[in-house]
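Undergrad: One structure is given below, represented as C-alpha cells, and several questions about it will come after.
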Amino acid sequence: MECSPKFLSNLFTHSGNGNFAGRHIYIWKAKTQMKNPWTKKNPLLSMWLSGANAVAGAARSRATAEGKRQAATMMKQANRQMFSFWSGALTPVAPPKSRKKKLR
C-alpha cells in the first residue's frame with residue numbers, strides 16, 4: 001500500500017481537541033499481486049454447463065408433458081365416474097339378463 005505525503009499530513013494534523021480539523025482521511029485499496037483464478041472464464045466448463053443445461057431442459061419438458069397427460073387422463077376418468085354415478089341414480093336398474101340353457 002502506497003502512502004503519499006498528503007495522506008500522512010492529513011492523517012496526523014488535528015486541531016488539538018481530538019478532531020482532525022475537517023481533514024479527509026484517504027483510504028487506498030491494496031493492489032493485488034495476482035488475479036483470482038476462480039473468477040476467470042473457463043471455456044470448457046462453459047460448454048459443459050451449456051450441454052448439461054440443455055439435457056436438463058429436455059428432461060424437464062418431457063416430465064412436464066407426461067404430468068400434463070396424466071392429469072388430463074385422471075380428469076377424464078373422474079368426469080366419467082361422476083357422470084355415471086349421477087346419471088345412474090336417475091335411470092332404473094336394468095333386470096338381469098336371463099341365460100339360455102345349453103342343449104347337450
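The values are calculated or read from the model by the stated rules, or taken from the named source; none is laboratory data. None of the values given here were measured: they were computed from a predicted structure. Glycine gets a Cβ as well: all are built from the backbone with ideal geometry, and neighbour counts include every protein chain shown.
Undergrad: Can you tell me how many residues within segment 77-87 are loosely packed, with under 10 Cβ neighbours inside 10 Å and not polar (S, T, N, Q)?
TA: Of the residues in segment 77-87, 2 are loosely packed, with under 10 Cβ neighbours inside 10 Å and not polar (S, T, N, Q).
For every residue, the table says whether it meets (1) of a type in the set (A, V, I, L, M); (2) modelled with pLDDT of 85 or more; (3) loosely packed, with under 10 Cβ neighbours inside 10 Å; (4) assigned to a helix (DSSP H, G or I).
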{"position": "LYS6", "(1), (2), (3), (4)": "no, no, no, yes"}
{"position": "GLY22", "(1), (2), (3), (4)": "no, no, yes, no"}
{"position": "LYS35", "(1), (2), (3), (4)": "no, no, yes, no"}
{"position": "ALA56", "(1), (2), (3), (4)": "yes, yes, no, yes"}
{"position": "ARG60", "(1), (2), (3), (4)": "no, yes, no, yes"}
{"position": "ALA94", "(1), (2), (3), (4)": "yes, no, yes, no"}
{"position": "ARG99", "(1), (2), (3), (4)": "no, no, yes, no"}
